[in-house]
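What follows draws every value from the coordinates through simple rules; no lab data is involved. Everything numeric in this text was worked out from a predicted model, so none of it was measured. Here the Cβ is made from the backbone with ideal geometry for all residues, glycine too, and neighbour counts use every protein chain on show.
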Amino acid sequence: MKINRNYQNLEESYLFSTIAGKVAAFQKEHPEADVIRMGIGDVTLPLCEKAADAFARAAKEQGQEKTFHGYGPEQGYEFLREAIREYYAGFGVRVKAGDIFVSDGAKSDLGNILDLFDADNTVLIPDPVYPVYLDTNVMAGRRIWFLDANASNGFLPMPPEGQEADLIYLCSPNNPTGAVYDRAQLKEWVDFANRQGAVILFDAAYESFIDGGAFPRSIYEIEGAETCAIEFCSLSKLASFTGTRCGYTVVPEALCREGMSLRKMWLRRQTTKFNGVSYPVQRAAQAALLPEGMAQCRAHLEVYRESARVITETLSAIGIWHIGGIHSPYVWMQCPHGMTSWDFFADLLEKTGVVGTPGSGFGRNGEGYFRLTAFGRPDATREAMERIRRAYGNAE
Ligand code: MLT
């Protein structure tokens, strides 16, 4: 018997599990501490009323013989795929309902999609990066080429001409930095991928934070993307589904490699390894995406946007360099006094009780940086930023 030894090349635990462990230890030692969590990007506002009502109604249907649903279609109910198609149409993007696959969230699909690709591929991964892209490829033993994201390129790496590439991960608005690619930059990536025959795995989980039409919300806003890109999205941040779980992946019919349709392969993979998302969750997701539900979701997004403004204004006021927080719930800041990311994590927790995410947890280029999220309760975010202002007001 041989185990997958690639697991030996992973960090001991997943970034957010490590942080949760450190915070639990701190709380045990300081039971009196009033801890404010601005670490993992977990929402704090509830499901919108329309989604919660639809969820409850559908659960009731499941309790009655006449309305009971057994196994659903693995690709997702048509009512939800139609609602997603309409959601895209709302910002001018045409996707076919048949290319949409409903899932329990973008994170799972971002890992599972790798079933479609040989381990003998070169993967381009930005650094810093959402750890799932890296860890899932380390597990499979793929060759990884890091794309440096840093202050000099605005944390938005561009195609490395001459570099072999099979799979390319892009996330915009970016997790962890909050940086956002514009149309011209994404066009360069799409052209590069089409030239190389590479596939872009585009994580659009934060698209709903884009305010106005200046930045693309979907890779399919870019001409040529349907022959080189798979898009992953989620209702987690848009509609407070982090605990309810629903996302979707778009695999365009036009996307083929080595004579095989990736859409057909993904359908084959999903029908074999996945039995779909529960009926009540899909009804809740549909209700969130319909106009009345969406209006409520947008009101929630405004609350987070305002919190992001509070974070960035405080950091500006005390002279701490930062980016993000405009089309994104994440603010990426430099650690004060030249501290390392983990030193600042400990210092911040000790001095203020505020939890954030060390930039180095997202990669080598994240060292010396720190991520704060705007997903906390607004009063808690204000309180946290006031504590940060008092503790690091002389950040120079
Ligand atoms: C994050 O904090 O980076 C996200 O919440 C992680 C996720 O969505 O899985």
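Annotations
- Taking all C-alpha pairs of the chain, those more than 27 Å from each other amount to 51 percent.
- Shown for Cys335, Cys256: other C-beta atoms within 10 Å of each C-beta, ranked fewest to most, produce the order Cys256, Cys335.
- The chymotrypsin sites (Phe, Trp or Tyr not before Pro) of segment 19-96 meeting both criteria, a DSSP state outside H, G, I, E and B (loop) and at most 12 other C-beta atoms within 10 angstrom of the site's C-beta, are Phe68, Tyr71.
- Charge context of Phe345, other residues only, Cβ under 11 angstrom, K/R +1, D/E -1: -1
- 13 Å beta-carbon shell around Pro160, net charge (K/R +1, D/E -1): -4
- Inter-part distance where segment 173-207 and segment 56-77 are each reduced to a Cα centre, Å: 37 Å
- Fewest-first ranking of Cys48, Cys246, using other Cβ atoms within 10 Å as the exposure measure: Cys48, Cys246
- Pairs of alpha carbons in segment 295-361 separated by more than 16 Å make up 53% of all such pairs.
- Net charge of neighbours whose Cβ lies under 11 Å from the Cβ of Tyr330, counting Lys and Arg as +1 and Asp and Glu as -1: +2
- Along the chain, longest interval not containing exposed trypsin sites (Lys or Arg not before Pro), exposed being DSSP loop plus at most 10 other Cβ atoms within 10 Å: 95-396
- Integer Hz, Karplus 6.51/-1.76/1.60 couplings in order for segment 269-276, x for Gly and Pro: 5, 5, 5, 7, 10, 9, 10, x
- Karplus-based coupling profile of segment 162-170, in residue order and whole Hz: x, 8, 5, 8, 10, 10, 10, 9, 10, with θ = phi - 60° in 6.51 cos²θ - 1.76 cosθ + 1.60 and x standing for Gly or Pro.
- Evaluated with a Cβ-only charge set (Lys, Arg +1; Asp, Glu -1), the chain carries a dipole of roughly 700 debye about its Cα centre, given to the nearest 20.
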